[in-house]
1. Which value, in debye to the nearest 20, gives the size of the charge dipole of the range A:154-247 about its Cα centre, when Lys and Arg are +1 and Asp and Glu are -1 at the Cβ?
2. Could you work out the relative contact order of chain B, using alpha carbon pairs under 8 angstrom and six or more residues apart, expressed as a whole percent?
3. I'd like the distance between the alpha-carbon centres of the range B:892-952 and the range B:787-841, rounded to an integer number of Å.
4. Give the order of A:Thr97, B:Thr894 when sorted by the count of other beta carbons within 10 angstrom, beginning with the fewest.
5. Aspartates and glutamates near B:Lys895 by alpha-carbon distance under 12 Å, same-chain residues fewer than 8 away left out - which ones?
6. Out of B:Val324, B:Thr474, B:Val841, whose Cα points farthest toward the positive end of the dipole of chain B (charges: +1 Lys, Arg; -1 Asp, Glu; placed on Cβ)?
7. What lysines could a cross-link reach from B:Lys127, if we take a straight Cα to Cα line under 20 Å and drop same-chain neighbours fewer than 8 places away?
8. Over 23 Å between Cα atoms, which of A:Lys218/B:Lys150; B:Lys390/B:Lys740; B:Lys145/B:Lys540 qualify?
Amino acid sequence: MSADSSEREGEEGTLAEAACCDVAYEADEGPERSELSFEEKVDMLGTAVVRHPLNRDVLYETLCFCRTERQLAEAERFIAELPQFRSATQNPFHMLTVLKQAGGLQSVERDEGGNVITPESLDGLSEDEIDDLIFSVGYQTTDVGVAFVEAYSPRSRLVQALSLAPERTQDYCELLEFVGEAPRTYQEITNLLAGRPTLETVIDGRRETMQPSVFVDKLERAGALVWRDGWRLSEAGADFLEEMKESN
Amino acid sequence: MSKSTLTRRSFVKASALAGAAATIGASMAGCMQESAPEEELAGTGEGGHSSTEGLTKMKTMCHGCIQMCPAIAYLKDGVVVKLEGDPDAPMSRGSMCIKGLNQLHTMYSPRRILHPLRRAGERGENKWEVISWDEAVTEAATHIKDAIEKYGPYSFFCSVGGGGSYSFMEAMTLPMAFGSPTVFEPGCAQCYLPRWSLSKLFYGGNDQSVADSAVREIFRVGDANKTEMVVLWGAQPSVSQTAMSGRAMAELRAAGVKTVVVDPNFSPDAVKADVWLPVRPGTDTGIILSWYRYIFENKLYDEEFTKYWTNLPFLIDPDTKLPVKAADLFPDFQQTTPENTPAYVCFDLKTGAVAPFEYSTPADSAVDPEIFWTGDFNGKTYKTAGQIYKEEAEPWTFEHAGEMCWVKPEKIEEAVKLYAEAGVAGIVNGVASDMMESASQVPLGCMGLDSIMGYINKPGCTMTQYGKGNQPTTRPVTFNNGFAGMFSPMYGIGAVVGLSDAENEAWARGEETPVGKADVSQQKLANQLLIDRLGMKDHKGLYAWCHSHIPTVRNAIATGEPYKPRVWFDMSGNKLAMLGNAKSWYDVFPEIDYIIGQYPHLTSFHIEACDLVFPLREWLEEPMAKGTQLNTTWLMNECTHIGETVSHSIPAGRVVAKCAELMGGELPGLKPGFMGQATEEEVKAAQAANVGAESWDDLVNNTDKYIPFTIPEDEYFGYNQHETVVDDGLPAGFGTESRKIEVYCQILLKLARTGYPFCYPEPQEACEDYSPICTYIEPAESPLSDSEYPFVLTSGRVPYFHHGTMRHAAFSRELFPTAEIRINPASAAELGIEHMDWVKVTSRRGEVHARAYLTEGVNPRTVWMERFWNPECFDESQPNPTAGWRECNVNVLTKNDAPFNEVYGSYTNRGFTVKIEKSEKPANVWVSPEEFEPFLPSAEMMAEPITEDVRF
């Protein structure tokens, strides 16, 4: 592998490394969460978010959505309406639970008056009384969750993707623009990129011709593209494209 | 095997199959010659002959390994309660080994999957939801369709391998149906492909593998057996295929056949050998070259055969490294043989000059070719191929080989004398070399030795051809791309070796040729898939089975480049047990969108990775009629059937059909594409057709009429086929370009440079030339230079398991409960390790634990483990979520990065360095018999109702 592509692999590994279930596995046998540093907690959340590619963007968007406290039904509805949810492998409640268990969300229980129910307020209550007391359950992104959302924002992922392969910048931008014009099929994207020099790369010292799907994949995992009956720009992708245009 | 070992039943009191388990002991005893006579067991309760009165008897066939022994199943109320070997089988003759007998445990194991499962928790959690077949097929198809729609066809990939189901054809063709080039098998380059493929390139014939049933001649029955001497090179049939070729080898030895065993481990075959060469792992080619040197130096080769039936007398162009054609050096030369049989050039001893060397019988030859010659012609220095080989072998004296390979020189000499001085002999080349960088070098060397000795197409030789139509009538050719080159006529790809250039060009245009016409309507797509397949630029030998290079696939998943395989259909086995450097694969699971598995049981791979699992039949349920022993074909019967399990091709068949429906009726790949059945009716009809029955019902109702399906011996076995005069008036020869055995494997050079004959008509990019002869390669991690990791680890089978299977079988696990590492007592003493101490074994990839088994049967610097050990001991009582694959899996240690075998890309499963230290027993590893109780057949499983075929 050339030094260039080797570095690329290493850096691109940040999400994948975070996804590596090692962390989860070791965490199972490792210290309690309370013993972890803040950064370790963020990493642990990252593991949970990206461990399954088909759920990755849904979980990330949920963390973003819940920066404002959301009721369970509202959060579930939000998840179910995400275009990425169509391919997801878990149901909305399971995803919320995963995020909560990974420390990205906290559940917020409120009484009929809208007051947060604290552990202290439950002292001396029976189970039935507790049930009666809880009027609503909401979810809110924790500080750890917010830190993760910011660290893995589409913009930072896009900047990372461009910095890893600056020679592809022009083609990334053209692809974003192309998709921004109208929803595109993969075949249309293939036609756009066919024969372009940036499809040539070097892997393990070998010249290789990449498939156009590489560009789609990089932009999708950066959060710039989303599939909804064709490839479309995400809001973040549109913002980024605008920013790139202005900077030029 | 001692009687006491076989009858040890410490856990069986807990078994609901106590009677059946007792039968296991009896049948194993019948398998081994050392068993006590039945009369001695009478009245002891250990004779094992439980009554079969009132039981239903069904003839079937075992599939506990890749050799399939005919068997008899006894059923009570639809439950199989006893198994025994079928005495009518010509090789196994009533034997079954522990793997087959354990079917009673695997069939009714609580780990069986009886219904489609969808993951209910996260990957790594053993939480599943039972869903309907329709739901499962729709879900799998939807994910495949979505991925192809979003990222193109290359996003789909497939794999197989690991035992349990054998969907090789299905795995090879499923990606083709979707227009994807990506499929892999942990076997393939690491198990059999190098030997299989090289035999086709080398002489267009069968390879030297016993385990894969390629070698048959030496196991002929009765007076027809002329075997005198067998070399088992990296093979241990007594362990790997105990009841069939293992038993047959015991019989050969008992009949006086001499054997040499080359194996780092003192295997049961080594114990019984006349000479055992405990070679340093990965250095086999050193011994091979010393044999060449000795045979050349002492003129022990078959001179006439070598001169006229091999290409060793050909002059080699020093610039191209290819044999010189007569027309190149002699412009006025007029070839009298057909264009498909080129004339080469030799040094003629009759005239003392360089001369054209036309193909003919030895008697009709115009020249007396010199095998070893160096000289000038037209201002250029040429060597014969024989001379090049001789110079390669020259440094390899017995002393040098002994020093490099850790074998006593006098033993090497004793071995080669036994081999070279026999009337007939043959080398059995086992799997060991496939698992090393020298994966192409060893078979080249072993086949070359048999060739120069003339041990070809003779009674009693391993490289003697057999089969229906064994007498050629036309010039032999070799088709390439897939089994028997099946994809060549199907898609118009792959040159036919033995046709002339002009004939191959016509073949590629879809025109009539001497071997018929290819359908070239999809040639462009088929050829493009060859070019784009991962790892093919460097390791073009993988084209033979249309497989991708596994480490390159892994890296493509990790980096997304040059394309990202992202929806995975795995067709068998536990990939965490089977793939080299298993953790490196585990690390990329989060990069794979969706993983579909199919298997009869849940394994740690399914728990760690799969999103959906289809349930498959065990072999007692599977209809199949294609297992062979010698010239006979046997029936694997559907003895019973529980749950919603299906034959192994059906999940993919259903998913393909559903995808076509979702995609508007058309798949984006090749047609016919997927080659497997989609319904049980189709499966059964295909199996019935294999043995000439009208239908499955006809077959099972008239089993004795059709089974065994037998080809008469005089049609099946034949000799000196290459001498048969065929329709062009010439002796048939061999299916190579030169029509001779290409001991100097010239086609490997073309393969490296263009992908020929596989990647044709459009070539693949060139890579470094492959070596056309056997050369020595020092293993990349060498104990000669590695002070940090001082031991060299190799591996092999134990009798209790096949590939990744049987770890759920309580009986096998009681006999071999944990990973063991064989260590020489002297080395162990230096490390303070005693017999059965726990040790930590560390390689540059990771660390695992095993119990130390102290034995003089390995070199003090060699250690040995079971090749696919992994414990599969997950259970709800165990907090360990990994099923132990991290703690005891030998494939955590193995090396899956470069250097690879140049031709096939084989990585290093054997012959890498490790260090060892005493340790504590890891948590969650089961050892005592009682711990395996969760694996025992449960009352619930035994009570499962007999089910009909799943209807779609």
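Nothing in this text is a laboratory measurement; each read-out follows from the coordinates by a stated rule. The model shown is predicted, which means the values in this text are computed figures rather than measured ones. For neighbour counting, all protein chains shown are included, and Cβ atoms are generated from backbone atoms with ideal geometry for every residue, glycine included.
1. On the way: 12 positive and 17 negative charges, 55 e Å.
My answer is approximately 260 debye.
2. Numbers: 2290 pairs, mean separation 178.4, N = 952.
The value is 19 percent.
3. 13 Å
4. Values: A:Thr97 15, B:Thr894 25.
Fewest-to-most Cβ neighbours within 10 Å comes out as A:Thr97, B:Thr894.
5. B:Glu437, B:Glu781
6. Sorting the options by dipole projection puts first B:Val841.
7. Output for B:Lys127: A:Lys100, B:Lys575.
8. Details: A:Lys218/B:Lys150 13 Å; B:Lys390/B:Lys740 19 Å; B:Lys145/B:Lys540 30 Å.
Beyond 23 Å between Cα atoms: B:Lys145/B:Lys540.
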